Amino acid sequence: MTNSAPTTTPIAVEEALNYILDHIKPLPVEVLPITQCLNRILAQEAVSDCDVPPFVNAAMDGYAVIAADLGECSATNPVKLKVIENIPAGVAPQKEVVLGTAARIMTGAPMPLGANAIVRFEETSEAQPLSGLSGLADDEVAILHPISVNENVRPAGEDVQKGQIVLPKGKRLRPQDIGLLAATGGGHIAVHKIPRVAILATGDELVGVEEPLTPGKIRNSNEYTQAALVQSYGAEPVMLGVARDNIKDLTNKIRTGLKHKVDLFLTSAGVSVGDYDIVKTVLATEGVMRFWQVAIKPGKPLAFGVIEGVPLVGLPGNPVAAMIAFEVFARPAILKLAGYRNWEKPTLKATLQEDVYNSGREHYMRAFVSQTAAGYQVTTRGSGVQVQGSGIVSSRVWANALVVVPNEIRRLPAGTEVDVWLLDWRGEQIPFVNPFVKSKEDVEG
Ligand code: AMP
Ligand code: MG
């Protein structure tokens, strides 16, 4: 990788993204107790150390019996069985059930030898008044319904088999995944470290959120948007504040980031073609950088490079462009660092509510998706600059989605079914394959 002069011919979104991802490696792994693993990304397949359930057990409270013993019994023609023991959950049965006997058993308790079905309490003299049955001894139960073999019995390994891969590499651990690890012996598990992302706003015109707005100044909003985006994708922001448009300040801020051992730098502004864009000069001095004009709207200027081993994504300054460029370029970089193997944004199909016009770049239009009786509908509220202009920050807020209009498409008529990115969904793709797989071949094949 070498420094390049700023490109004047725009490069495609995909080309820029592929280049960025080619220079990003997943972060190292740490082994943690599963209590600390919520939302962490699995660095290895999780393999079960046991069958789940580990033994044949009762699915109901009732009596373990031999099904053939019951014949065609009924409430008027019950079968009497001798109760040989009581088996609570967690206790190993001591006796074998033979013809003419039954064991009283609780849900989850191991099946006693000999028995092959569980009659629920509700279908025995324990729960129903005995009409026409006399002489039931204290150690006897009357069964009022026939039963078939294996009824109310959970076989060992019904759910998970020992040695089975229960979770694939690259999976974000949700509460139910942590529960599965607990059930299958994964008390500690290898996960990737959480990316630490330095956020650096640049520009002489920026004032802090608490400072008065003096003439010519604007509030630094990018730093806060970026920090919140970083958090929303599960990474840790390291806020470096504002670097002024001079070489010394910017260099110092980059050095501070390096000292904080960050895994990625995100800068905003100073990478376009303006006179005061010294960010480009400093970045090119500090590391190996590319400066692109990407065929994306909004968000044309973009920089990417590596500074002392740390990747840096230089986002545009314009807040809307910065946010879109974050979603398109920085989000996948963060997810790859975090250990995800799939960072495509989840999309859904929705019907466009109005004609949409495009000018020859991949256009990420702010949009609002709603669910109606007729399916998902999406509105961009029009293609005009008053709504979709890159200076309109408020439209980021009513939007819950982006409609992606490919660069070769100049017009999409109302009624077209379009793919929309859901902004409020986390950035991982819903897996197409059920991650709960039966064998290694299923995962890798
Ligand atoms: P630049 O890339 O430096 O030309 O900046 C493009 C536009 O984004 C200018 O209008 C800047 O004032 C604005 N801008 C740059 N940084 C920020 C920021 N941190 N917060 C809000 N607006 C910004
Ligand atoms: Mg500037």
Rounded to a whole number, what % of the accessible area of the chain do carbon and sulfur atoms account for, probe 1.4 Å?
54 percent
With a 1.4 Å probe and all protein chains kept in place, how much accessible area does L213 have, in Å² rounded to the nearest 10?
100 Å²
Taking H placed 1.01 Å from N in the peptide plane, check which residues at least 5 places from A401 or on another chain put their amide H under 5 Å from its amide H.
A367, V369, L423
Check: the chain dipole with +1 on Lys, Arg Cβ and -1 on Asp, Glu Cβ, in debye
1700 debye
20 Å-binned pair-distance histogram of the chain (Cα, whole percent)
21, 37, 22, 16, 4, 0
Give a quick list of chymotrypsin sites (Phe, Trp or Tyr not before Pro) in the stretch 9-63 that DSSP marks as loop, anything other than H, G, I, E or B, with at most 15 other Cβ atoms within 10 Å.
F55
Place a point 7 Å from Cα of I11 in the direction of its Cβ. Which residues in the stretch 361-385 have their backbone N less than 20 Å from it?
361-364
Using a basic spin-label model with each label point 7 Å from the Cα along Cα→Cβ, how many nm lie between I409 and N39?
3.3 nm
Return, ordered by residue number, the residues of the stretch 377-410 whose backbone nitrogen is under 17 Å from a label point located 7 Å along Cα→Cβ of Q371.
377-379, 400-401
Solvent-accessible area per residue, Å², over the chain with all protein chains present [probe radius 1.4 Å]
47 Å²
Between E236 and K261, the two model label points (7 Å from Cα along the beta-carbon direction) sit apart by a distance in nm of 0.9 nm
Highest-MSF residue in the chain out of N39, N77, N318 [GNM, Cα springs under 10 Å]
N77
Most fluctuating residue of F121, F265, F291 in a GNM of the chain with Cα springs under 10 Å: which is it?
F121
State whether the stretch 194-344 is rounded, prolate or oblate according to the following rule on the C-alpha gyration tensor (a ≥ b ≥ c being the square roots of its eigenvalues): a/c under 1.5 gives rounded; otherwise a/b larger than b/c gives prolate, and the remaining case gives oblate.
rounded
Could you give me the ³J(HN,Hα) list for the stretch 335-349, computed from phi with Karplus coefficients 6.51, -1.76, 1.60 and θ = phi - 60°, whole Hz, x at Gly and Pro?
5, 5, 4, 6, x, 4, 10, 8, 10, 5, 5, x, 10, 9, 8
Of the listed links K169/K193; K162/K336; K171/K336; K169/K261; K169/K336, those spanning more than 21 angstrom between alpha carbons are K162/K336; K169/K261
Which of the trypsin sites (Lys or Arg not before Pro) across the stretch 237-272 are loop residues per DSSP, with 10 or fewer other Cβ within 10 Å?
K261
Note down the nm distance, to one decimal, between modelled labels 7 Å out along Cα→Cβ at T107 and at A182.
1.7 nm
Sequence-distant lysines (8 or more away, or on other chains) whose Cα lies within less than 25 Å of K82:
K95
Using only the alpha-carbon atoms, how far is helix 13-22 inclined from the longest principal axis of the chain? Give it as 0 to 90 degrees, nearest 10.
70 degrees
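The values are calculated or read from the model by the stated rules, or taken from the named source; none is laboratory data. Computed from a predicted structure; not experimentally measured. Positions of Cβ are generated from backbone atoms using ideal geometry, with glycine treated the same way; all protein chains shown enter the neighbour counts. The protein model used for the area step is the full one, side chains on, heavy atoms only, and it has no ligands, DNA or RNA in it. Shrake-Rupley method; radii C 1.70, N 1.55, O 1.52, S 1.80 Å.
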